[in-house]
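Enquirer: Before we start, here is the structure in question, set down as structure tokens.
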Amino acid sequence: MSIGFLAILCIGPAFGQTAFGQTFDVGIMVGVPATEFFETGSTASTHSSASYATGTRRYTLGLTAEWHMTHSWGLELDALYHRFGYGGIVNLMGVDTFTSASFRVSGNAWDFPVLAKYRFGDKRVRPFVAAGGTLRYIATAHEQGQQTFFVVGPLNTTTPISTDSPTDLRKRVYPGVTVAGGLEFGAGRFKIIPQIRYTRWTANIANEGGLLRFAPNQAEFLLSAEF
């Protein structure tokens, strides 16, 4: 889908003015997340323990395209890239055995928001609000680490972990609801658009209280340039 957006970015300006005075704009978007990509936690019991940790990559990159249906109303489609990572340690204790696994997962995710946008006023600086839905796609995820199996006595076995299908990320598509608000600066085709965007994920990796899940309430500051 990102290839399609690149094509739009190249040919979009050639189709600037469409029928009935409608226009089609494309642009680039950068941003800074205000929330963590993942929520993590830990748990422990008599026979097991597990702990997850994450570090948010503090940037968002992407492309944006908007169909201006009227002077005030528009329909926007974005493709926003996020880099993510998390790690974990899981320990299991049996009667005469002990298993310990440590791993690190890194990957790439894309968010695809589709938003209806409404602009206020008729000046060079125009406030706007937007709302719609977002699909998050986990494009790639690689897990590496090691697992050690201990048996009472001198025997223990260590095996490497390396997979592109981490157990925590078997599902790759997650929906959410998005709202946004900001200002549009500019005249003619070129515009600078800062905004604050909030997404509530309606599906998640795990239920509330799970050791690894998307931050259910995602907020980020975005800045786009459209032409």
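Values quoted throughout were computed directly from the atomic coordinates according to the rules given, and no laboratory measurement underlies them. Not measured: the values here are computed from a predicted model. We place every Cβ from the backbone using ideal geometry, glycine too, and count neighbours over all the protein chains shown.
Enquirer: In degrees from 0 to 90, rounded to the nearest 10, what is the angle of the helix 2-11 Cα long axis to the longest principal axis of the chain?
Expert: 20 degrees
Enquirer: May I ask you to evaluate 6.51 cos²θ - 1.76 cosθ + 1.60, the Karplus curve with θ = phi - 60°, for each residue of region 212-220 and list the ³J(HN,Hα) values in order in whole Hz, giving x for glycine and proline?
Expert: 9, 7, 4, 4, x, 10, 9, 10, 7
Enquirer: Taking the alpha-carbon distance from LYS117 and a cut-off under 12 Å, which aspartates and glutamates remain once sequence neighbours fewer than 8 residues away in the same chain are dropped?
Expert: The reachable aspartates and glutamates, counting only those whose Cα sits under 12 Å from LYS117, are GLU66, GLU76, GLU184.
Enquirer: Would you give the gap between the C-alpha center of region 55-100 and the C-alpha center of region 153-183, rounded to a whole Å?
Expert: 10 Å
Enquirer: Kindly provide the chymotrypsin sites (Phe, Trp or Tyr not before Pro) of region 45-118 that DSSP labels as loop, not H, G, I, E or B, and whose Cβ sees at most 14 other Cβ atoms within 10 Å. Walk me through the numbers before you get to the answer.
Expert: On the way: sites: TYR52, TYR59, TRP67, TRP73, TYR81, PHE84, TYR86, PHE98, PHE103, TRP110, TYR118; in loops: TYR59.
Taking region 45-118 and a limit of 14 other Cβ atoms within 10 Å, the loop chymotrypsin sites (Phe, Trp or Tyr not before Pro) found are TYR59.
Enquirer: Could you give me D for region 27-71, from Stokes-Einstein at 4 °C and 1.567 mPa s, where the hydrodynamic radius is the Kirkwood radius over C-alpha pairs? Units µm² s⁻¹, please.
Expert: Translational diffusion coefficient: 90 µm²/s.
Enquirer: Just want the answer: with Cβ charges of +1 for Lys and Arg and -1 for Asp and Glu, which residue in VAL125, GLY182, ASN91 is farthest toward the dipole's positive end in region 88-202?
Expert: VAL125
Enquirer: What's the magnitude of the charge dipole for the chain around its Cα centre, counting Lys and Arg as +1 and Asp and Glu as -1 at the beta-carbon? Answer in Debye, nearest 20. Show your work: numbers first, answer last.
Expert: Working: 18 positive and 16 negative charges, 94 e Å.
Here the chain has a charge dipole of around 460 debye.
Enquirer: Identify which of THR43, THR64, THR140 has the largest mean-square fluctuation in a Gaussian network model of the chain, with springs joining Cα atoms closer than 10 Å.
Expert: Evaluated over the chain, the most mobile residue of the options is THR43.
Enquirer: Further question on the same structure: Beyond 23 Å, what share of the Cα-Cα pairs of the chain remains, rounded to the nearest whole percent?
Expert: Of all Cα-Cα distances in the chain, 55 percent exceed 23 Å.
Enquirer: Right, here's the next one. Tell me what the chain gives for mean residue ellipticity at 222 nm when only DSSP H runs of n ≥ 4 count, each as -39,500 (n - 2.57), the sum divided by the residue total, rounded to 500 deg cm²/dmol. Don't jump to the answer; show the numbers that get you there.
Expert: Details: 1 runs with 10 residues, N = 227.
Helix-only estimate at 222 nm: -1500 deg cm²/dmol.
Enquirer: Same structure, new question: Apply 1/(1 + (r/R0)^6) to the Cβ-Cβ distance of SER45 and ASP96, taking R0 = 25 Å, and write down the FRET efficiency to the nearest 0.05.
Expert: Approximately 0.85, to the nearest 0.05.
Enquirer: Could you work out how much longer the chain between TRP73 and LYS123 gets when fully extended? Use 0.36 nm per residue separation minus the Cα distance between them, nm to one decimal.
Expert: Gain in length upon complete extension: 16.5 nm.
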